[in-house]
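Notes follow once the structure below has been shown.
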């Protein structure tokens with residue numbers, strides 16, 4: 001009798017035990033997500049490298065206030081044209097609207113990375129937001145002569 005009861009419990013529970021875990025959505029609506037991070041190494045030793053990535057905002061608007069990486073200094077910069085002259089300006093923060101995509105891409109907002117030495121293959125980047133949230137992603141480091149990665153989500157500024 002006990003054996004029959006155990007077998008019945010297994011038959012009832014078997015479909016539940018065999019069910020695959022639910023698939024998590026690619027975008028978690030509660031927090032920002034970083035993707036497509038890459039760095040173009042400096043063409044001239046001692047000059048800063050440039051970093052790029054895409055941020056998808058979470059469920060609430062937030063503001064990116066700092067980007068850090070081990071052993072280097074990172075600044076956020078904008079790029080714009082003024083009277084036919086390309087101008088760069090340091091950014092203290094970058095708004096990240098809820099659910100929106102914010103791009104750091106060549107010719108637009110980007111990261112200036114000072115003090116990167118050697119030829120690392122990757123660089124971990126930690127993004128800090130005004131809300132107190134942090135997000136870490138790994139950027140692939142490319143040689144100065146390498147083409148930018150094919151990225152349909154890379155964009156200038158905020159969209």
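Candidates in region 69-88 are the residues that are at pLDDT 95 or above and in a strand (DSSP E or B); of these, the one that is nearest to residue 117 (Cα to Cα) is 72.
Could you tell me whether any residue of region 129-140 is under 24 Å from residue 43 (Cβ atoms) and assigned to a loop (DSSP other than H, G, I, E, B)? Within region 129-140, not a single residue is under 24 Å from residue 43 (Cβ atoms) and assigned to a loop (DSSP other than H, G, I, E, B). Residues in region 89-99 that are in a strand (DSSP E or B) and closer than 18 Å to residue 130 by Cα: 90, 91, 94, 95, 96.
Give region 116-128 a look and list any residue that's in a loop (DSSP other than H, G, I, E, B) and free of Cβ contacts under 8 Å to residues at least 60 places away in the same chain, or say none.
Filtering region 116-128 down to residues in a loop (DSSP other than H, G, I, E, B) leaves 116-121.
Listed by number, the residues that qualify are 117, 118, 120, 121.
Run down 42, 50 and say which single residue is at pLDDT below 95, surrounded by 11 or more Cβ atoms within 10 Å (Cβ to Cβ), more than 15 Å from residue 137 (Cβ to Cβ) and in contact with a strand residue (DSSP E or B) (Cβ under 8 Å, 6 or more places away or on another chain). Write out each step before concluding.
Working: 50 fails: at pLDDT below 95.
Answer to the check: 42.
Looking at this structure, is residue 66 assigned to a strand (DSSP E or B), over 20 Å from residue 40 (Cβ atoms) and modelled with pLDDT of 95 or more? It is true that residue 66 is assigned to a strand (DSSP E or B), over 20 Å from residue 40 (Cβ atoms) and modelled with pLDDT of 95 or more.
Checking each residue in region 100-115 for being assigned to a loop (DSSP other than H, G, I, E, B) and either surrounded by 17 or more Cβ atoms within 10 Å (Cβ to Cβ) or modelled with pLDDT of 95 or more (or both) picks out 100, 105, 108, 109, 115. Only one of these is closer than 17 Å to residue 50 by Cα, surrounded by 17 or more Cβ atoms within 10 Å (Cβ to Cβ) and at pLDDT below 95: 143, 154. Name it. Every option except 154 fails the conditions. With respect to (1) at pLDDT below 95; (2) surrounded by fewer than 19 Cβ atoms within 10 Å (Cβ to Cβ); (3) in contact with a strand residue (DSSP E or B) (Cβ under 6 Å, 6 or more places away or on another chain), the lone exception for residue 32 is condition (2).
The values are calculated or read from the model by the stated rules, or taken from the named source; none is laboratory data. Quick caveat, the model's predicted, so the values are computed rather than measured. A quick note on method: Cβ atoms are made from the backbone with ideal geometry, for glycine too, and the neighbour counts reach across all protein chains shown.
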